[in-house]
Amino acid sequence: MDNTSKPNVLILLCDQLRIDLLNCYRETLARTPNITELAGDSCVFERAYTPIALCSPARASLLTGLYPQSHHMFNNSTPGYSYCEHIRPNVTMLQDWIDEESSYESAWFGKWHIGPAQDLFDSRFHHTHDEPYDGGPVYLNTTNWNNKRQIAPLVQSVGRGAAGTLDVGMEGFPDVAAARYTQAFLRSRDATRPFFAVCSFPGPHFPWMVPEEWGIRYDAADIEMWPNRYDTYEGKPINQRKIRLLNEANAGGLSAKEQDQELKEMLACCFSYMELIDEMVGEIVSTLKELDLYEDTAIIFTADHGDMAGSHGLMNKGAYMYDEIYRIPLLLKRPGPGGASRNGSFVHLMDVTATCLHLMEGTEQDSLAGWRLHGQSLLPLAAGEAEWARRMHYAEYHGDWYGHYSARMVTDGRWKLVWNLTDLCELYDLEDDPYELHNRFYDAGLEAVRAKYFDYLIAEARRTGDAQLRLLEPQIEFGAQGTGGLRVR
């Protein structure tokens, strides 16, 4: 295939974005008109998942096509608590394959977080954003570009400093900078070569802060509480109850009503942040159209994982496997004239890897430099040309700042089974309990359901080479009395 017939590939990657902040998924107060317009030219995947709801390992899965147990970035690569600051050295990433095997020009701009920032600068991406320099923006010194108060002082403080507005102009804000780097690359690239580029927005990751120039654009009074804001945690893992208690202890003595009001004020900032990112998506797409590149470019819009944002009384993400953090947005605009479609198949981030290889190579690929991919190309599915064999999603968790807490999850959209190695297990009836409030794992009469989903979980663990499977004995989890000797309150 000659260069002129090869499509460009652009990934627009958000950090910690739950799908119900996007109007193309659900009716929401947050305004995202540009992403909705992009969805009008795309296949919208309604059941897309992350393999793990943590930034670094999910991003590593995106670039390798592998579950974390294969690429070995098990938790966030953050100095101070991480036990895996670098990806497995012999694993091939997309930019390595591009440099060795293709004619593509590659670029990554924005949040990295697959190891220290220097790992990006030392990588085989042909173009990246600026390295840190004297007098330069402070976020260049970090791997995650988080918009915290080291960037600029707070003007409006919300949630006791956890959200608000910053004394920084739009062009000095990290998400805007990521978009500007991407636009500059599109204008200056080698026009004789196709490109593979990633614009990696740092947001809408918590803390939710925006430039004062952009402002807080929503009224807290208009924001409704999530339906599962209040979780009793009855019969649920003690670890989750402890995290909820930790959040309450950090609430500064606020009453439950005051905490709800504070959350609404913070969500007003979150929605404003999402609207800013949507604006940047619109500007990047406009640049593609201005340069007559839009139809020749495949665009993938997605996120590494979601955000609890107050659901179940929890913030951020952590040692739990709720849909708020494991479901992700995924839009695929194929090259050529656009067309809207929706697909309910179970897909995940490693399918994005396989899709990128298919786009760049011209044929479907099942491996990357000898590493067998854990996903497959979405192009035939998006075109309506193929049946999709996958009927469930398998996900994992290996621990983070809340401790080395291992868990695995499998769901087919009807039931969700969570195997917690060192805690109570979970089983949710997603049809009757879509907000995952009632743990049914220890219910009498559900033995067949538990057994069925443990079979699913074991099969997928074997397929992906998850060695922790050897610690799984389903009969121990429910035992003769249904609780394996564990007392369930």
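The values are calculated or read from the model by the stated rules, or taken from the named source; none is laboratory data. Just so you know, these numbers come straight off a predicted model, no measurement behind them. Positions of Cβ are backbone-derived with ideal geometry, glycine not excepted, and every protein chain shown enters the neighbour counts. Only protein heavy atoms, including side chains, enter the accessible area calculation; ligands, DNA and RNA are left aside. Shrake-Rupley method; radii C 1.70, N 1.55, O 1.52, S 1.80 Å.
Give a quick list of chymotrypsin sites (Phe, Trp or Tyr not before Pro) in segment 107-183 that DSSP marks as loop, anything other than H, G, I, E or B, with at most 13 other Cβ atoms within 10 Å.
Those that pass, being in a loop and sparsely packed, are Tyr133.
Of Gln118, Val138, Ala163, which is farthest along the charge dipole of segment 44-164 in the positive direction, counting Lys and Arg as +1 and Asp and Glu as -1 at C-beta?
Of the options given, the answer is Ala163.
Quick one: in segment 248-309, what % of C-alpha pairs are over 15 Å apart?
Working: 1295 of 1891 pairs.
Considering segment 248-309, 68 percent of its Cα-Cα pairs are separated by more than 15 Å.
Could you report the chain's accessible area per residue, 1.4 Å probe, as an integer in Å²?
Per residue, the chain has an accessible area of 38 Å².
Non-local amide H neighbours of Ala163 (under 5 Å, H modeled in plane, Pro and chain starts lacking H): which ones?
Correct list: Val158.
With 19 Å as the cut-off, how large is the P(r) tail for segment 139-209, expressed as percent of Cα-Cα pairs?
Value for segment 139-209: 41 percent of Cα pairs lie more than 19 Å apart.
Going Cα to Cα from Lys317, which lysines come in below 26 Å? Please leave out same-chain ones fewer than 8 positions away.
Counting by Cα, and skipping residues close in sequence, Lys317 has these lysines nearby: Lys111, Lys148, Lys236, Lys242, Lys257, Lys264, Lys416.
Which Cα, out of Thr297, Leu276, Thr287, lies furthest along the positive dipole direction of segment 238-315 (beta carbon charges, K/R +1, D/E -1)?
The residue sitting farthest along the positive end of the dipole is Leu276.
Taking 0.36 nm per intervening residue step and subtracting the Cα-Cα distance, what contour gain separates Val138 from Ala451 on full extension? Intermediate values should be presented prior to the final figure.
Working: separation 313, 0.36 × 313 = 112.68 nm, distance 5.18 nm.
My answer for the length gained is 107.5 nm.
Quick check on the chain: of the DSSP beta bridges with both residues there, what percent are antiparallel, nearest 5%?
Around 50 percent of the beta bridges assigned by DSSP in the chain are antiparallel ones.
Through the Karplus equation 6.51 cos²θ - 1.76 cosθ + 1.60, θ set to phi - 60°, convert the phi angles of segment 445-457 into ³J(HN,Hα) values in whole Hz; use x for Gly and Pro.
x, 9, 4, 5, 5, 4, 4, 4, 7, 5, 4, 4, 4
Let me know the Rg and Dmax you get for segment 322-404 when you use only its Cα atoms, in Å.
Just the Cα atoms of segment 322-404 yield Rg and Dmax of 14.8, 48 Å.
Please turn the phi angles of segment 427-434 into ³J(HN,Hα) values with the Karplus equation 6.51 cos²θ - 1.76 cosθ + 1.60 (θ = phi - 60°), one per residue in order, whole Hz, x for glycine and proline.
Per residue, the Karplus-derived 3J(HN,Hα) values read 9, 10, 8, 6, 6, 8, 9, x Hz.
According to a simple spin-label model (label point 7 Å from Cα along Cα-to-Cβ), what is the distance in nm between Glu361 and Asp292?
Each label point lies 7 Å from its Cα, and together they span 3.2 nm.
Along the principal axes of its C-alpha atoms, what lengths does segment 255-362 span, in descending order and rounded to whole Å?
57, 31, 21
Equivalent ellipsoid semi-axes for segment 198-260, as square roots of 5 times the alpha carbon gyration tensor eigenvalues: give them largest first, rounded to whole Å.
So the three semi-axes of segment 198-260 are 28, 18, 13 Å.
Between Ala184 and Lys257, what is the spin-label point distance in nm, taking each point 7 Å from the Cα along the Cα→C-beta axis?
So the label points at Ala184 and Lys257 sit 5.2 nm apart.
Give me the percent of the accessible area of the chain that comes from carbon and sulfur atoms, probe 1.4 Å, all protein chains in place.
So the carbon and sulfur contribution to the accessible surface is 47 percent.
Exactly which GluC sites (Glu not before Pro) in segment 245-331 are in a DSSP loop and have at most 10 other Cβ atoms within 10 Å?
Listed in order of number, the matching sites amount to none.
Note down the accessible area of Phe346, probe 1.4 Å, to the nearest 10 Å².
10
If you stretched the chain out fully between Arg463 and Lys148, how much longer would it get, using 0.36 nm times the residue separation minus the C-alpha to C-alpha distance?
Value of the extension gain: 109.4 nm.
I'm a student and want to see the number: the projected area of the Cα convex hull of segment 394-459, averaged over all directions, in nm². Intermediate values should be presented prior to the final figure.
Numbers: hull surface 18.9 nm².
Value for segment 394-459: 4.7 nm².
Just from the alpha-carbon atoms, what are the Rg and Dmax of segment 297-338 in angstroms?
14.3, 44
Run through every distinct alpha carbon pair of segment 336-488 and return the Kirkwood hydrodynamic radius in angstroms, one decimal place.
About 17.6 Å, per the Kirkwood formula over Cα pairs.
Which entry is the computed semi-axes √(5λ) of the Cα gyration tensor in Å for this structure: [x] 78, 43, 17; [y] 34, 28, 21; [z] 41, 28, 22?
[y]
Given +1 on the Cβ of Lys and Arg, -1 on the Cβ of Asp and Glu, and no further charges, what dipole in debye does the chain carry about its Cα centre, rounded to the nearest 20? Walk me through the numbers before you get to the answer.
Details: 44 positive and 69 negative charges, 233 e Å.
The calculation lands at about 1120 debye.
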